[in-house]
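Only one structure is covered here, and it is reproduced in the block below.
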């Protein structure tokens, strides 16, 4: 990795980032999350909590394939996450297999017991489905991505539904949805803020992020608790701000205890052409059933329109079996767009 923008290796690093973005655009089209080389380098330079190995396949000086890893450094974590990408005009030549072999080899060196990958699958409404082990949803069996993963011993553990919402949402509709939810939310206040998170919310947000790693549906995937504390939460926010992102948060505060018990997070890239991304949403188990998931999402949608009034769309992903969150999104007006598969391969112990 180059030490800084423009230093030794920068041209090769830009080629790598451009390669990844090209594959993202191919699958997700105009909704793809495109990251600049500067943003990718910033992410790679921060590996206090996640080790982020990268492999590239070169043909001459051209990047024709890549594998990006993410290995949690939490105590006891034994899963390696990897995303493999091959240039469209270089497929079916064994490049993806060669990259996967290298990833599996290193996973063994690190003592990992599972290899996991999250893959966005182009839609094919006429294709039969590979059903998810969770029992909900599936991915097209005819996709080259699907065939590659099945051939190499991966199991589809979970299917996540990608959805989009046209903006702005009718204010009257949001008012009605909010009114319905507030009937169940006595004793809670809804708050919004923008990264970096203030000191008095850091510990509560860290707890929510830690619980996100265990409480969100994970089907049969090995899901270890992530070690989120105040320092990691501050670093997360600082990285996004340094990358030029605007991170909008909305949360629910339990009035009696003053604790932040629910949150939702939304990313806006500096480039207004990049579709805003609705990321994590969680309500602590002991505070569910009060409409808080709806209320924090409504609050953040209103913030989005105020901060970026020109946005015409927002996207999000939800586990297919997470019927409650899917229902919330449908109530807000999200419509299905694409499917993502959470795949897992067991490695020799």
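Just need a number here: residues in region 44-103 that are assigned to a strand (DSSP E or B) and under 22 Å from the mean Cα position of the chain (by Cα).
First pass over region 44-103, keeping only residues assigned to a strand (DSSP E or B): 50-51, 54-59, 62-72, 79-86.
With the extra rule that they be under 22 Å from the mean Cα position of the chain (by Cα), the set shrinks to 50-51, 54-55, 65-72, 79-86.
Matching residues across region 44-103 total 20.
Please work out if residue 258 is touching a residue at least 40 places away in the same chain (Cβ under 8 Å), more than 16 Å from residue 288 (Cα to Cα) and surrounded by fewer than 17 Cβ atoms within 10 Å (Cβ to Cβ).
Values: touching a residue at least 40 places away in the same chain (Cβ under 8 Å): no; more than 16 Å from residue 288 (Cα to Cα): yes; surrounded by fewer than 17 Cβ atoms within 10 Å (Cβ to Cβ): yes.
In short, no.
For region 233-253, which positions are within 25 Å of residue 292 (Cα to Cα), surrounded by fewer than 19 Cβ atoms within 10 Å (Cβ to Cβ) and out of contact with any strand residue (DSSP E or B) (no Cβ under 9 Å at 6 or more places or on another chain)?
Of everything in region 233-253, just one residue is within 25 Å of residue 292 (Cα to Cα), surrounded by fewer than 19 Cβ atoms within 10 Å (Cβ to Cβ) and out of contact with any strand residue (DSSP E or B) (no Cβ under 9 Å at 6 or more places or on another chain), namely 234.
When you check residue 270 against the structure, is it more than 16 Å from the chain's Cα centre (by Cα), under 25 Å from residue 315 (Cβ atoms) and surrounded by fewer than 19 Cβ atoms within 10 Å (Cβ to Cβ), yes or no? Working first, answer last.
Details: more than 16 Å from the chain's Cα centre (by Cα): yes; under 25 Å from residue 315 (Cβ atoms): yes; surrounded by fewer than 19 Cβ atoms within 10 Å (Cβ to Cβ): yes.
Answer is yes for this residue.
Can you tell me which residues in region 112-148 are in a loop (DSSP other than H, G, I, E, B) and within 20 Å of the chain's Cα centre (by Cα)?
Keep residues of region 112-148 that are in a loop (DSSP other than H, G, I, E, B), which gives 112-113, 122-128, 132-137, 141-143.
Matches in region 112-148: 122, 123, 132, 134, 136, 137.
Just wondering, is there one or more residues in region 295-304 that are within 24 Å of residue 133 (Cα to Cα) and out of contact with any strand residue (DSSP E or B) (no Cβ under 7 Å at 6 or more places or on another chain)?
Going through region 295-304, the residues within 24 Å of residue 133 (Cα to Cα) turn out to be none.
Within region 295-304, not a single residue is within 24 Å of residue 133 (Cα to Cα) and out of contact with any strand residue (DSSP E or B) (no Cβ under 7 Å at 6 or more places or on another chain).
Given (1) modelled with pLDDT under 95; (2) touching a helix residue (DSSP H, G or I) at 6+ places or on another chain (Cβ under 7 Å); (3) surrounded by fewer than 18 Cβ atoms within 10 Å (Cβ to Cβ), identify the lone condition not met by residue 196.
If we test residue 196 against (1) modelled with pLDDT under 95; (2) touching a helix residue (DSSP H, G or I) at 6+ places or on another chain (Cβ under 7 Å); (3) surrounded by fewer than 18 Cβ atoms within 10 Å (Cβ to Cβ), just (1) comes out false.
Within region 322-349, take every residue that is part of a loop (DSSP other than H, G, I, E, B) and either under 19 Å from the mean Cα position of the chain (by Cα) or surrounded by 13 or more Cβ atoms within 10 Å (Cβ to Cβ) (or both) and give me the one that is modelled with the lowest pLDDT.
322
Can we say residue 238 is assigned to a loop (DSSP other than H, G, I, E, B), on the phi < 0 side of the Ramachandran plot and either in contact with a helix residue (DSSP H, G or I) (Cβ under 6 Å, 6 or more places away or on another chain) or not assigned by TED's automatic domain parsing to the domain that holds residue 115 (or both)?
no
Identify, from the list 282, 301, 295, the residue that is part of a strand (DSSP E or B), outside the structural domain of residue 72 (by TED's automatic domain parsing) and touching a helix residue (DSSP H, G or I) at 6+ places or on another chain (Cβ under 9 Å). Give the derivation first.
Numbers: 301 fails: part of a strand (DSSP E or B); 295 fails: part of a strand (DSSP E or B).
Result of the check over 282, 301, 295: 282.
Mind counting the residues in region 23-63 that are in contact with a helix residue (DSSP H, G or I) (Cβ under 9 Å, 6 or more places away or on another chain) and over 14 Å from residue 13 (Cα atoms)?
Of the residues in region 23-63, 11 are in contact with a helix residue (DSSP H, G or I) (Cβ under 9 Å, 6 or more places away or on another chain) and over 14 Å from residue 13 (Cα atoms).
Residues are listed down the side, and each one gets a yes or a no for (1) within 11 Å of residue 249 (Cβ to Cβ); (2) in contact with a helix residue (DSSP H, G or I) (Cβ under 7 Å, 6 or more places away or on another chain); (3) in a helix (DSSP H, G or I); (4) free of Cβ contacts under 8 Å to residues at least 40 places away in the same chain:
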site	(1), (2), (3), (4)
176	no, no, yes, yes
184	no, no, no, no
189	no, no, no, no
192	yes, yes, no, no
200	no, no, yes, yes
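The values are calculated or read from the model by the stated rules, or taken from the named source; none is laboratory data. Given the structure is predicted, the values throughout are model-derived calculations rather than measurements. Every residue, glycine as well, gets a Cβ built from its backbone with ideal geometry; the counts of neighbours run over all protein chains shown.
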